[in-house]
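Just so you know, all these numbers are worked out from the coordinates, no wet-lab data involved. Source: prediction; values computed, not measured. Quick reminder, even Gly has a Cβ in these numbers, built from the backbone with ideal geometry, and neighbours come from all protein chains shown.
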Amino acid sequence: MVSTLTTVWLFIFLAILSFASLYVLMKKRSVAYVLASYFLSNILITNTGIIINLNLELTKQDPSSQLIFWTQKIPELSLKPALLLWSIYILFSKRTIFRKLIYLFIFQTALVSIEIYFVHINYLEWVHWNIFYGYIRYFVIILLLAIYSFYLEKRIYSDKKGEYV
Amino acid sequence: MILPLPERFDANEIFIIISSLLTLVLLFLLPRRLSVVTIHVIWTFNIYLALLADITIGIKPNDFYFTIDHEKHELFDIFLHFFTYPSIPYFVVNFYQQYKPKSLNLLVYIIFCAGVAIALEWISVKFHVFTYTGWKLSLSFMVYLVVFAANIGLSNIIEKKYPFK
């Protein structure tokens, strides 16, 4: 069984990579776009997470120690939003639809895998939840984020051009 | 239920409705000094911060406070996160961008705003919007100082790129 400390270090390493990747994304897009999308992705992850866990009781978690608690929070605030933002970047890129779908599937699998890992190390329990529901959850988040990003990108573009919408 | 309705429709719900309506009216009445892009970033940033507080210090194992009637994520929590919380930093940043206080004046301005926010939080505690189970108003004051300073810094970065016209 993987120790808690190893898991924490693993997610800290992935968090550093995630934030570095977001910095790269800022160069490709804009600071405002990445910041607003990062905040919204966190809002969507947290809200859906609370609804699934606390309100609908489809999953169960009872962090007994601060270490376990923060092990779950680190990827929620870094890796998951980074994967979502890169998904949106791929979605609006000039790749073919087939390639976009493959990339989106890989990113979604990575997102769901984080939860599978937590279930595997007994930090999270799936009561009435499964992998398929996990995919649906992230599909909905990506969809909402894509709508918001599309609107925000338009705003940023029009602000830069000096238009006033 | 996905988002439970209040157990009892009482003081805290009325407080949230009235304060949200009041801030919305003020939002449209007071002159705006922020670009739409800055508003997006500031608004999502503060929803993110409010949720971050709720999912870190507002739940187990920390459990320093809870909002409204119970520990579930209620419909009125959404109002609180999406309308009530972000409006105060919005006004703080809006007035800052209008008058641009510098050095000592800026410090006095941030302390004054934190004082106003504390007064509003004290009222909301009286209306049982927040129930402290280990949290203190003095701690909130320190948090507000940091949050308002971060908001002002963030607005300066975004306004430099996407200025209000």
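Laid out as a table, the results:
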{"item": "Dimensionless Rg ratio for the protein assembly as shown, taking C-alpha atoms and the 2.2 N^0.38 Å reference", "result": "1.03"}
{"item": "Where only alpha carbons of the range B:108-163 are counted, the Rg and the Dmax (Å)", "result": "14.0, 43"}
{"item": "Cα-based equivalent ellipsoid, the range A:19-69: semi-axes from gyration tensor eigenvalues, Å", "result": "30, 15, 7"}
{"item": "Stokes-Einstein translational diffusion, chain A - Kirkwood Rh over all Cα pairs, 0.890 mPa s, 25 °C, in µm²/s", "result": "145"}
{"item": "Test item: B:52-60 mean partner chain Cβ contacts at 10 Å", "result": "4"}
{"item": "In Å, descending, principal axis extents of the Cα set of the range A:48-134", "result": "46, 25, 22"}
{"item": "Proximal lysines to B:Lys165, defined as alpha-carbon separation beneath 26 angstrom and excluding residues fewer than eight positions away on the same chain", "result": "A:Lys27, A:Lys28, A:Lys154, A:Lys160, A:Lys161, B:Lys100, B:Lys102"}
{"item": "The range A:82-88 - phi-based ³J(HN,Hα) in whole Hz, Karplus 6.51/-1.76/1.60, Gly and Pro as x", "result": "4, 4, 5, 5, 5, 4, 5"}
{"item": "Convex hull of Cα atoms in the range B:27-139, direction-averaged projection (nm²)", "result": "8.0"}
{"item": "For A:Phe39, B:Phe95, order by how many other beta-carbon atoms lie within 10 Å, fewest first", "result": "B:Phe95, A:Phe39"}
{"item": "Estimated 222 nm signal from helices in chain B, with DSSP H stretches of n ≥ 4 weighted -39500 (n - 2.57), rounded to 500", "result": "-22500 deg cm²/dmol"}
{"item": "Backbone HN-Hα couplings from phi across the range A:6-15 [Karplus 6.51/-1.76/1.60, Hz, Gly and Pro as x]", "result": "4, 4, 4, 5, 4, 6, 5, 4, 5, 5"}
{"item": "Helical contribution to [θ] at 222 nm, DSSP H n ≥ 4, -39,500 (n - 2.57), averaged over chain A, rounded to 500", "result": "-26000 deg cm²/dmol"}
{"item": "Diffusion coefficient, µm² s⁻¹, Stokes-Einstein with Kirkwood Rh over alpha-carbon pairs of the range B:6-93 at 4 °C and 1.567 mPa s", "result": "92"}
{"item": "Inter-chain Cβ neighbour average for residues B:155-165, partner chain, 10 Å", "result": "3"}
{"item": "Average beta-carbon neighbours from other chains, 10 Å sphere, peptide A:23-36", "result": "3"}
{"item": "Simple label model, 7 Å out from Cα along Cβ direction - B:Glu7 to A:Asn55, nm", "result": "1.8"}
{"item": "Residues A:Val34, B:Val146, B:Val93 arranged by fewest to most Cβ contacts within 10 Å", "result": "B:Val146, A:Val34, B:Val93"}
{"item": "Neighbour-count order for A:Ser3, B:Ser155, fewest beta carbons within 10 angstrom listed first", "result": "A:Ser3, B:Ser155"}
